[in-house]
Amino acid sequence: MTTTASYAAADWGTSSFRIWLIGETGEALSERRSAEGMTTAAKTGFSAVLEQHLEAMGASRSLPVVICGMAGARQGWVEAGYLDTPAALSEIVRHAVVVPDAARDIRILPGLAQRDAAMPDVMRGEETQLLGSVGALAGTRLVCMPGTHSKWVRVADGTVERFSTFMSGELFDVVSRQSILSHAVAEAGAFDGTHPAFVAAVAEAMANPGMATNLLFTVRSGQLLHGHGPTEAKARLSGLMIGLEIAGATTLAADAQGAIRGAVRAPVSLVASGPLAGLYTQALTAAGLTSELIDADEAVRDGLAAAARALWPA
């Protein structure tokens, strides 16, 4: 028996694009991924990119589409704006923007904004992962969402209270490619979160975050003076970056961490996939925190599914 798609769900990043056809019972019938993120689609046309993928998957011309991510940015397809924190995740769908003059029903979900004068912050795309992962859970949770720009979010009973962005992934890329440390990590092999240099570096960064730039230089000096290999150097650099992030995040969320470590005793909700999931799981352990892993791909699909059910209940 052939299953008919009920809607399409897309996650449109800055440099990546993912889309799924979703069946009547919520299962993914088809999936496509490409590098046609916002940067590319802004030049070639968002509608053209979307329709090309839908046609390749055999979607009907009337199939509705729900989208999260950078398609709703100011430089994207149609600006979807932001909901201000504190924001109930259930409210995201009510503020979805309709793409005008489209041949099909296309809705773009908004992002979240923290308009604190001292700590302004924004997220776009991660709010949908939150909706799909912790949006329906009771209690206070600290959510870690690793990436190029990692997000740490305090969610209480389905409401995003505060969040902080850390440029750990981008800084790791810049430092490992364009600084003096590029010589130390050149030709490094693969490593995971169990590498001793990684674990030790997380602990060092957590204990002495004020020594951050000095600790980073020891990646180079340790190689010159103690013969550390490139893989060890890269593992150390990664551990330092993630350790500094965790140190900052847990300081900013001290009240949430207090609840987690005290009566609630809930682990950090780690929304991640791929190598980052393993690195952050081990890093949180090294930092003395427990975590529960939530697959990032499943979280965004579940969030888009929740939005679709609210948008098109029939």
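The values are calculated or read from the model by the stated rules, or taken from the named source; none is laboratory data. On a predicted model such as this, the values are computed, not experimentally measured, just so you know. Cβ coordinates were reconstructed from backbone atoms using ideal geometry, including for glycine residues, and neighbour counts include every protein chain displayed.
Descriptive notes on the structure:
- Only one of Ala212, Ala136 that is surrounded by fewer than 19 Cβ atoms within 10 Å (Cβ to Cβ) and either modelled with pLDDT of 95 or more or of a type in the set (D, E, K, R) (or both): Ala212
- Hey, Asp105 within 15 Å of Trp312 (Cα to Cα) and among the acidic types (Asp, Glu) or not: yes
- Meets criteria (among the small types (Gly, Ala, Ser), modelled with pLDDT of 95 or more and either in contact with a Gly (Cβ under 8 Å, 6 or more places away or on another chain) or closer than 25 Å to His149 by Cα (or both)) for Gly69: yes
- The residues listed here are Ser90, Ser60, Ser15, Ser34; of these, the one that is surrounded by fewer than 16 Cβ atoms within 10 Å (Cβ to Cβ), closer than 30 Å to Ala156 by Cα, among the small types (Gly, Ala, Ser) and touching a residue at least 12 places away in the same chain (Cβ under 8 Å) is Ser90.
- Residue-level check: of (1) surrounded by 23 or more Cβ atoms within 10 Å (Cβ to Cβ); (2) touching a residue at least 40 places away in the same chain (Cβ under 8 Å); (3) under 17 Å from the mean Cα position of the chain (by Cα), Val122 misses just (1).
- Helices (runs of 4 or more DSSP H) fully within the range 215-288 counting 3 or more residues that are under 30 Å from Gly135 (Cβ atoms), within 20 Å of the chain's Cα centre (by Cα) and modelled with pLDDT under 95: 230-252
- Within the range 74-86, being hydrophobic (A, V, I, L, M, F, W, C) and surrounded by fewer than 21 Cβ atoms within 10 Å (Cβ to Cβ) holds for Val78, Leu83.
- Residue check, Gly169 closer than 21 Å to Glu245 by Cβ, surrounded by 16 or more Cβ atoms within 10 Å (Cβ to Cβ) and of a type outside the set (A, V, I, L, M, F, W, C): yes
- Apart from one condition, Val49 fits all of (1) among the hydrophobic types (A, V, I, L, M, F, W, C); (2) within 24 Å of Pro313 (Cα to Cα); (3) touching a helix residue (DSSP H, G or I) at 6+ places or on another chain (Cβ under 8 Å); the exception is (2).
- Summed over the range 150-203, residues that are closer than 26 Å to Phe217 by Cβ and out of contact with any strand residue (DSSP E or B) (no Cβ under 6 Å at 6 or more places or on another chain) total 36.
- The listed residue being outside any helix (DSSP H, G or I), among the hydrophobic types (A, V, I, L, M, F, W, C), modelled with pLDDT of 95 or more and crowded, with 16+ Cβ neighbours inside 10 Å, out of Leu54, Leu21, Leu50: Leu21
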